[in-house]
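For reference, the structure is listed below as structure tokens.
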Amino acid sequence: MNQPVLISGGGPVGLFVALLLGRAGVGVRLFDLNECPQNDPRAATTHPGTLEVLGQAGLVEDMARVGLVAPKFQFWDRPSGRKVAEFDHGLLAGLTPYPFVIQCEQFKTAQLILERLRDLDNVEINYGHEVIAAEQDGTGVSLRVRGPAGEQTHRGAWLVGADGGRSLVRKSAGIAFDGFTWPERFIVLTTPFDFEAERGYCPRSYFADPDEWCNCFKVSADGPPGLWRTVFPTDPAASEEALLSDAAVQARLQRFFPSTTPYEVVHRNLYVTHQRVAASFRAGRILLAGDAAHVNNPIGGMGLNGGLQDAANLVEKLVAVIGGADQRLLDLYDLQRRTVATEFVQTASIGNKKRLEERDPVVRERNLDELAQIAADPARAVQFMQNSAMLASQRRAASMTLQEAA
Ligand SMILES: Cc1cc2nc3c(=O)[nH]c(=O)nc-3n(C[C@H](O)[C@H](O)[C@H](O)COP(=O)(O)OP(=O)(O)OC[C@H]3O[C@@H](n4cnc5c(N)ncnc54)[C@H](O)[C@@H]3O)c2cc1C
């Protein structure tokens, strides 16, 4: 049998690469250091541009069943309590089969992919296995892996690094990860408090506030009534212990959303947030995808979306190369996905954060007015949403050719 494709990382991106390769008949061996997919409260928002890719793999119906279909999102001015703008993905109906977002927690997406992987004999999924070294030579790649049976070396034809922001694969390949880290960490507080029924917020609501912006969004969790995740910036000087204490958590929620009773808080998590893009998504036989290749702040929900789009783009080309096509197709993968990671995702996620936290009252008012005007004009709203829904980035990537990769 031909050498398999090795994958380091069994988060949603690594699993999706494994599924698509496996279905194309390619042998795959995947390793992840955890015992199973992690269920911390990270990605949920899955955009139309990504649903197009997941739909081709037959995942969307199940994601809608275990998640929430959310056609609308809103912007609010927190100090005045004014709703500034509401966008309805229904306006995109002529442009995509999926004119809505699905709020599906990333561990559920991972679980749905894992269920499908069980049917594929050519894909081996090894949780509880840490990749400790990665190398390549002229004919293939070698991974040193530490698992329950000790250390072993695995040989493959290609290696996909889907091992997250701290990617050992990226570091082993000597690929730079330039960008910056935000000084403030982001805190995620999850509560069953029903912001829709009590306050009229829709399942994706963004709050601009010069003192403390907020994202408030709903996930279906274990079923109705679901849970709401609120995301805030934190004081860089404060300790983790102080930020996560009961008193601080209650004070933060009460300051933002006053309530006569204390909030029930079911999760509290603190995240360091970066804006970085790998200098290349390919080094010979080593390919990067997902957070291993690019990281960004979560405002707008674009990180995992970009990673799943990487996976589909990469697999299409890798399967062709394994079948005998020119390896330069993989340079095209690098060009297409790195370009949109920089031009679209970095620009949009940084812009989203700046819009919510703007302190200059004149600029702030101008930004909010502009949002209101865009929302009120269907043609401008469609253009705006093609970017936020990550359709424009997919179209841009598809338009780039091998000549540009030369
Ligand atoms: C608060 C928050 C909210 C977010 N919301 C959204 C959202 O709504 N929409 C969105 O698109 N994105 C969102 N994101 C971003 C999203 O969570 C990430 O982009 C996503 O997890 C990336 O998936 P991945 O599979 O590339 O990496 P990961 O999920 O990080 O998975 C990497 C895997 O690699 C494994 N691994 C690492 N090192 C090794 C090793 N040496 N050996 C073996 N295995 C290894 C890890 O165990 C892990 O399972 C959010 C992030 C945060 C923090």
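Shown here for segment 317-406: trypsin sites (Lys or Arg not before Pro) in loop regions (DSSP other than H, G, I, E, B) with at most 15 other Cβ atoms within 10 Å, namely Arg359. Here the 3J(HN,Hα) profile of segment 260-265, calculated from phi with Karplus coefficients 6.51, -1.76 and 1.60 at θ = phi - 60°, is 6, 10, x, 6, 7, 10 Hz, Gly and Pro shown as x. A dipole drawn for segment 164-315 from +1 and -1 charges on Cβ atoms has a positive end, and of Phe281, Leu304, Val265 the residue lying farthest that way is Phe281. Extents of segment 133-291, taken as max minus min of Cα coordinates on every principal axis and listed largest first, are 66, 34, 29 Å. Taken over segment 36-195, the percentage of Cα pairs per 5 Å bin, counting from 0 up to the bin with the maximum distance, is 2, 6, 11, 13, 15, 15, 15, 11, 6, 4, 2, 1, 0.
Over the Cα atoms of segment 174-267, Rg to Rh with Kirkwood Rh, two decimal places? Walk me through the numbers on the way to the answer.
On the way: Rg = 15.0 Å, Rh = 14.6 Å.
My calculation of the ratio gives 1.03.
Applying a threshold of 22 Å to the alpha-carbon distances of Lys83/Lys353; Lys171/Lys353; Lys108/Lys353; Lys108/Lys218; Lys108/Lys354; Lys317/Lys353 flags Lys171/Lys353; Lys108/Lys353; Lys108/Lys354; Lys317/Lys353 as lying beyond it.
Counting other C-beta atoms within 10 Å, and keeping those with at most 13, which DSSP coil chymotrypsin sites (Phe, Trp or Tyr not before Pro) do you find in segment 243-279? Could the numbers behind the result be given before it?
Values: sites: Phe256, Tyr263, Tyr271; in loops: Tyr263.
Listed in order of number, the matching sites amount to none.
By how many nm would the segment from Ala398 to Gln373 grow when fully extended, if each residue of separation counts as 0.36 nm and the alpha-carbon distance is taken off?
Roughly 6.0 nm would be gained on extension.
With contacts taken as Cα pairs under 8 Å and at least 6 residues apart, segment 65-154 reaches a relative contact order of 18 percent.
For Asp40 and Ala247, the difference between the fully extended length at 0.36 nm per residue and the C-alpha to C-alpha distance is 72.3 nm.
In loop segments of segment 155-220 as defined by DSSP, the trypsin sites (Lys or Arg not before Pro) with at most 16 further C-beta atoms inside 10 Å of their C-beta are Arg166.
Taking Cα atoms only, the orientation of helix 246-256 departs from the longest principal axis of the chain by about 60 degrees.
GNM remark for the chain: springs join alpha carbons under 10 Å apart, and the peak mean-square fluctuation among Phe31, Phe195, Phe180 falls on Phe180.
You can think of it this way: the chain between Asn2 and Lys354 has 121.8 nm of extra reach, that is 0.36 nm per residue less the Cα-Cα gap. For Glu264 and Glu196, a Förster radius of 22 Å and the Cβ-Cβ distance give a FRET efficiency of 0.85, rounded to the nearest 0.05.
If you put +1 on each Lys and Arg Cβ and -1 on each Asp and Glu Cβ, how big is the dipole of the chain around its Cα centre, in Debye rounded to 20?
About 500 debye.
With R₀ fixed at 30 Å, the C-beta to C-beta distance from Ala325 to Arg118 puts the FRET efficiency at about 0.50. For the chain, what percent of Cα pairs sit more than 29 Å apart? I get 44 percent for the Cα pairs in the chain exceeding 29 Å. Each principal axis of the Cα atoms in segment 1-112 has its own extent, and those three values, largest first, are 63, 33, 20 angstrom. Considering only Ala381, Ala133, Ala44, the Gaussian network model of the chain with Cα springs below 10 Å gives its largest mean-square fluctuation to Ala133.
Each reported figure results from applying straightforward, stated rules to the coordinates on display, with no laboratory input. This structure is a prediction, so every number in the text was calculated from the model and none was measured. Every residue, glycine as well, gets a Cβ built from its backbone with ideal geometry; the counts of neighbours run over all protein chains shown.
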